[in-house]
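*Asks:* Take this structure first; my questions come after.
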């Protein structure tokens, strides 16, 4: 085994996490109570806060799913140690279907005053406009729920199917499972792109149905994967420290995760800037109004935070190669969570607060985040402890661990299985 696997990176005695075991439950209780109070005090404000938190955590589930898919598509070896973590993150998507209930209830039962989607209120009252009629039949109430059902069914099948095949390979080590997972991924990448785009359009972009943008799905995808990669880095560091990934997560593992961080930092900035540049340069009122609203009041400061905090700070930090192997990355991971919340708030909250960020209701935003985050954390921990922390019998696990198999050992193993005799002897 190479020295990289036994390096001191995030090594040392395991952390004492006993005092944190009750944290997810506390988040659920405190967040749930405060969210319920917010819903009672101001139901409309609660709906927007819930949607912001929902889209935030949906990003992590979708990011985990695409990382698993990309792992199989590119036949990567370095990402094997983090694959099981990504599989568990992807399997949070079925839980997000339950978290979608308050949004669905708002669409079905809320009156026009408390409806978060203005176009649905228009349909219920018999009104229409050019923007709404041009998007028929997608922008209808039946289509809204059809999209939700299709999305969660597809995500559940992909996430559970890939993890079930991975766990089955842990038992037998049969390479056929690797082939099956690649086939799953080959089909899944197209289904993923289609469903993610529908989710971004129908659940967040549709808050202002007049707006047109052909890049919005890619924009949400870029931010989602960006957040998930930072999250995976922090989780991998924690699991290595606790001993779950001590031998399999090497310097190479952390370096390549850090490289993906850098790549998606640039990719997110590229998509975000050109969406703005193309829309602003075209100067079409049906498109430009989205950014006009978000340059008023304190939303302009939020724009600056996105520019400097979401891009320049992580970009300049990640330029250094050695930074990718230090504790600075854990700080960046927490920073990424704050920036992605800022990004989701920038997309959702100006609809109800065009004058600026609603600081008076920040407690409600945090309450919704705490409740959903607490539930997902409990599910993730349960799944993680119920299964091996990494794919035990993946055909390329030795390569992922930087383990060198000597030729004579290979020959002996081949001879013992009768392979060498079929090739005229083993030597």
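The values are calculated or read from the model by the stated rules, or taken from the named source; none is laboratory data. Just so you know, these numbers come straight off a predicted model, no measurement behind them. Here the Cβ positions follow ideal geometry from the backbone for every residue, glycine too, while neighbour counts run over all protein chains shown.
*Asks:* Please find, within region 281-318, the residue that is surrounded by the most Cβ atoms within 10 Å (Cβ to Cβ) out of those that are free of Cβ contacts under 8 Å to residues at least 12 places away in the same chain and closer than 23 Å to residue 225 by Cβ.
*Replies:* Only one residue fits best here, namely 307.
*Asks:* Another question, if that's okay. Name the pairs whose Cβ atoms lie under 9 Å apart, with the first residue in region 205-219 and under 16 Å from residue 193 (Cβ atoms), the second modelled with pLDDT of 95 or more and not in a helix (DSSP H, G or I), and 6 or more positions between them or separate chains?
*Replies:* 216/204
*Asks:* Let me ask something else. Mind checking whether some residue in region 137-148 is farther than 27 Å from residue 92 by Cβ, buried (at least 17 other Cβ atoms within 10 Å of the Cβ) and under 27 Å from the mean Cα position of the chain (by Cα)?
*Replies:* Among the residues of region 137-148, at least one is farther than 27 Å from residue 92 by Cβ, buried (at least 17 other Cβ atoms within 10 Å of the Cβ) and under 27 Å from the mean Cα position of the chain (by Cα), which makes the answer yes.
*Asks:* Looking only at region 186-239, which residues are over 16 Å from the mean Cα position of the chain (by Cα) and not in a helix (DSSP H, G or I)?
*Replies:* Within region 186-239, 209, 210, 211, 212, 213, 214, 215 qualify.
*Asks:* While we're here: Of the conditions (1) touching a helix residue (DSSP H, G or I) at 6+ places or on another chain (Cβ under 6 Å); (2) in a helix (DSSP H, G or I), residue 36 clears all except one; give me its number.
*Replies:* Among (1) touching a helix residue (DSSP H, G or I) at 6+ places or on another chain (Cβ under 6 Å); (2) in a helix (DSSP H, G or I), residue 36 violates only (1).
*Asks:* Anything in region 271-280 that is touching a residue at least 40 places away in the same chain (Cβ under 8 Å), surrounded by fewer than 16 Cβ atoms within 10 Å (Cβ to Cβ) and in contact with a helix residue (DSSP H, G or I) (Cβ under 8 Å, 6 or more places away or on another chain)? List them, or say none.
*Replies:* none
*Asks:* So which of 55, 96 is within 25 Å of residue 212 (Cβ to Cβ) and crowded, with 17+ Cβ neighbours inside 10 Å?
*Replies:* Every option except 55 fails the conditions.
*Asks:* Let me ask something else. If you take the residues of region 1-33 that are part of a loop (DSSP other than H, G, I, E, B) and surrounded by 13 or more Cβ atoms within 10 Å (Cβ to Cβ), which of them is modelled with the lowest pLDDT?
*Replies:* 2
*Asks:* If you don't mind, there's one more thing I want to ask. Determine which single condition residue 161 fails, assuming it passes every other condition in (1) outside any loop (DSSP other than H, G, I, E, B); (2) surrounded by fewer than 17 Cβ atoms within 10 Å (Cβ to Cβ); (3) modelled with pLDDT under 95.
*Replies:* It fails just one condition, (3).
*Asks:* Which number in (1) farther than 21 Å from residue 379 by Cα; (2) over 19 Å from the mean Cα position of the chain (by Cα); (3) surrounded by 15 or more Cβ atoms within 10 Å (Cβ to Cβ) marks the one condition that residue 40 misses?
*Replies:* Only one criterion is unmet by residue 40, namely (3).
*Asks:* Run down 380, 390 and say which single residue is surrounded by 13 or more Cβ atoms within 10 Å (Cβ to Cβ), at pLDDT 90 or above, within 30 Å of residue 49 (Cα to Cα) and within 34 Å of the chain's Cα centre (by Cα).
*Replies:* Checking each option against the conditions leaves just 380.
*Asks:* Something else now. Looking at region 113-135, which of the residues that are assigned to a loop (DSSP other than H, G, I, E, B) and out of contact with any helix residue (DSSP H, G or I) (no Cβ under 9 Å at 6 or more places or on another chain) is surrounded by the most Cβ atoms within 10 Å (Cβ to Cβ)?
*Replies:* Filtering first and then ranking leaves 125.
*Asks:* Which one of these does residue 249 not meet: (1) part of a helix (DSSP H, G or I); (2) modelled with pLDDT of 90 or more?
*Replies:* With (1) part of a helix (DSSP H, G or I); (2) modelled with pLDDT of 90 or more applied to residue 249, the lone miss is (1).
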